[in-house]
Structure formats: C-alpha cells, structure tokens
C-alpha cells in the first residue's frame with residue numbers, strides 16, 4: 001500500500017463545474033509519476049462565460065483544444081491510479097471536494 005499525491009489544473013466550466021485539463025499523480029511506493037492531459041469535454045463556444053476564461057487561459061499557456069486522453073476516461077484514470085493506495089493527498093478545497101465527490105477511493 002502506498003500514498004498517492006494528485007494535483008491537477010482545471011478551468012471552471014458549465015454551471016461552475018471543474019473541468020480537469022491536466023492531471024499529475026505521484027505514487028510514493030513505486031516512485032512512479034504519471035501525467036495526463038485531457039482533451040476538451042465540449043467546445044468552448046458552447047458556454048459564453050467559459051469563452052472569456054478560455055481566451056485568458058490560452059494567453060497563459062493553456063490550449064483548450066490540446067490533449068491526448070479522452071475526457072470520458074477521467075473517472076477510469078482516477079479509479080485505476082487510486083485503487084491500491086491507503087491515502088490520497090491533494091492541495092486546496094476545490095480539488096479536495098472534486099476528488100472526494102469522485103468516490104470512496106479518494107481520502
């Protein structure tokens with residue numbers, strides 16, 4: 001059993017939901033680090049309020065259209081990464097609430 005540190009970058013999407021863009025995971029037992037960059041879950045034109053935030057994020061190095069992992073597998077990635085750990089650590093209330101809401105495997 002090991003400890004897992006999870007960090008991710010996100011934007012606020014439709015109705016205030018967190019949209020995970022990049023996920024980083026470090027496993028203390030195996031000394032393994034993984035990184036996932038997710039494709040967009042929807043077009044940024046679909047949400048007018050998101051439009052301005054995406055433009056600002058792109059100015060700071062983000063690219064909403066960039067990603068190599070389908071957004072639909074985010075839950076699978078989280079479950080797989082956290083399946084054999086005794087605790088998961090993350091930083092910040094938004095991230096903690098987001099991970100906690102994903103299931104009992106997040107502590």
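The values are calculated or read from the model by the stated rules, or taken from the named source; none is laboratory data. Not measured: the values here are computed from a predicted model. So basically every Cβ, Gly included, is an ideal-geometry build from the backbone, and we count neighbours across all protein chains shown.
When we screen 11, 4 for residues that are part of a strand (DSSP E or B) and at pLDDT 85 or above, the only hit is 4. Selection of the stretch 10-44 for residues being free of Cβ contacts under 8 Å to residues at least 24 places away in the same chain and either closer than 16 Å to residue 79 by Cα or surrounded by fewer than 19 Cβ atoms within 10 Å (Cβ to Cβ) (or both) yields 15, 16, 17, 22, 24, 26, 31, 32, 33, 35, 43. So, in the stretch 45-58, of the ones that are in a helix (DSSP H, G or I) and either at pLDDT 85 or above or touching a helix residue (DSSP H, G or I) at 6+ places or on another chain (Cβ under 7 Å) (or both), which residue ends up surrounded by the most Cβ atoms within 10 Å (Cβ to Cβ)? The extreme case among them is 54. In the stretch 59-107, of all residues being surrounded by 13 or more Cβ atoms within 10 Å (Cβ to Cβ), farther than 18 Å from residue 9 by Cβ and touching a helix residue (DSSP H, G or I) at 6+ places or on another chain (Cβ under 9 Å), the one that is modelled with the lowest pLDDT corresponds to 107.
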